[in-house]
Ligand code: FES
Ligand SMILES: [Fe+2]
């Protein structure tokens, strides 16, 4: 399987690179089959380099962080955040130039670390989809986390773009509401897919209203769960509910991030997070939300996607297996088609450049 190169992938939750984190804030993670070591430089910029010493091929992340560089733990070659060898302790300086390793463009935005796996000259941070709710700390309290899933990244996008699974795979989540009361519309905006979901009637226990900062006792409210997908598997789901007669912004709002990055063809990194505009100072609520998200992805969605992957074996193109396509698959199929077009265009461009 070919991965899309010229696109921003989420490589880490920003807090993983903080001082005091394990391994001195050096994160080693495989992305699209490339092992990458990341750390935050003293000026706040993000270093991302191939996590492989060119001398004996051991991970540099097993070595030691020295300021804005990593020293190999085996024979001491030292590399800066661009991948340049800046010290070869047992050799003359001529070895340094030969020892450099691949560096990647990486930036920190909205509490996430984004990495560009393709041509560095084409890495434009303006192309990073917005997850501003993470950084808008005046409006939202948020939590973030990570789960590892043994399935192809596109299977997870399919899962997130078809929320008809909620009533069956997560029966407790929307208890009391009917899927028939929801309307879904899929639309394409450039290379972005929107799967708009309106919940015309949604059940909430009156007893839970105070938890959402709402007065009154109505148990029938309305809401939305609009999902925005961008390549390769970057999803923003803007969930909100409000009382009938009111509108978006006049109730409670829980924007969510589901950020899927391929580790290999058949395994994925799932970075997730959620914000809320109510119960802002309730630390227990934040911890509870993170625990619930982790539990749902790791014990409900994750096992389902992993079972799918097991059935497919090493194969990664789900559509090759001729599944039956249901109405609710529209957004997932569209996202897959866009990915296919983008990968094909990139491959054709590479081929032409080589000729
Ligand atoms: S293996 Fe890294 S310096 Fe020898
Ligand atoms: Fe789910």
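The values are calculated or read from the model by the stated rules, or taken from the named source; none is laboratory data. None of these values were measured; they are calculated from a predicted model. Cβ: placed from backbone, ideal geometry, glycine included. Neighbour counts: every protein chain shown.
Check region 188-195 and report whether any residue there is within 27 Å of the chain's Cα centre (by Cα), assigned to a loop (DSSP other than H, G, I, E, B) and surrounded by 20 or more Cβ atoms within 10 Å (Cβ to Cβ). Checked against the condition, which is being within 27 Å of the chain's Cα centre (by Cα), assigned to a loop (DSSP other than H, G, I, E, B) and surrounded by 20 or more Cβ atoms within 10 Å (Cβ to Cβ), region 188-195 yields no hits at all. Scanning region 25-41 for residues that are touching a strand residue (DSSP E or B) at 6+ places or on another chain (Cβ under 6 Å), outside any strand (DSSP E or B) and closer than 18 Å to residue 52 by Cα yields 25, 26, 32. Out of (1) surrounded by 13 or more Cβ atoms within 10 Å (Cβ to Cβ); (2) modelled with pLDDT of 90 or more; (3) more than 16 Å from ligand 2 (Cβ to nearest atom), the odd one out for residue 209 is which? It fails just one condition, (2).
Based on this model, can you work out whether residue 95 counts as within 16 Å of ligand 1 (Cβ to nearest atom), under 30 Å from residue 80 (Cα atoms) and not in a loop (DSSP other than H, G, I, E, B)? The answer is yes for residue 95.
Could you count how many residues in region 15-28 are in contact (Cβ under 8 Å) with a residue 12 or more places away in the chain and either farther than 20 Å from residue 80 by Cα or out of contact with any helix residue (DSSP H, G or I) (no Cβ under 9 Å at 6 or more places or on another chain) (or both)? The qualifying residues number 2. Of the residues making up region 167-188, those that are in contact with a helix residue (DSSP H, G or I) (Cβ under 8 Å, 6 or more places away or on another chain) and either within 16 Å of ligand 2 (Cβ to nearest atom) or under 30 Å from residue 313 (Cα atoms) (or both) are 167, 169, 170, 173, 174, 179, 184. Look at (1) under 19 Å from residue 234 (Cβ atoms); (2) buried (at least 18 other Cβ atoms within 10 Å of the Cβ); (3) in contact with a helix residue (DSSP H, G or I) (Cβ under 9 Å, 6 or more places away or on another chain) and you find that residue 37 fails only one, number (1). Residue pairs whose Cβ atoms lie under 6 Å apart, sitting 6 or more positions apart in sequence or on different chains, and linking a residue in region 38-58 that is over 20 Å from residue 15 (Cβ atoms) and in contact (Cβ under 8 Å) with a residue 24 or more places away in the chain to a partner that is more than 9 Å from ligand 1 (Cβ to nearest atom) and not in a strand (DSSP E or B), are 49/83; 49/101; 50/101; 50/102; 54/101. Inspect region 294-306 for any residue being surrounded by 14 or more Cβ atoms within 10 Å (Cβ to Cβ), more than 16 Å from ligand 1 (Cβ to nearest atom), without any contact (Cβ under 8 Å) to a residue 60 or more places away in the chain and not assigned by TED's automatic domain parsing to the domain that holds residue 32 and give the result as yes or no. Yes, some residue in region 294-306 is surrounded by 14 or more Cβ atoms within 10 Å (Cβ to Cβ), more than 16 Å from ligand 1 (Cβ to nearest atom), without any contact (Cβ under 8 Å) to a residue 60 or more places away in the chain and not assigned by TED's automatic domain parsing to the domain that holds residue 32. Residues that are touching a helix residue (DSSP H, G or I) at 6+ places or on another chain (Cβ under 9 Å) and not in a loop (DSSP other than H, G, I, E, B) within region 50-61 comprise 50, 61, listed in sequence order.
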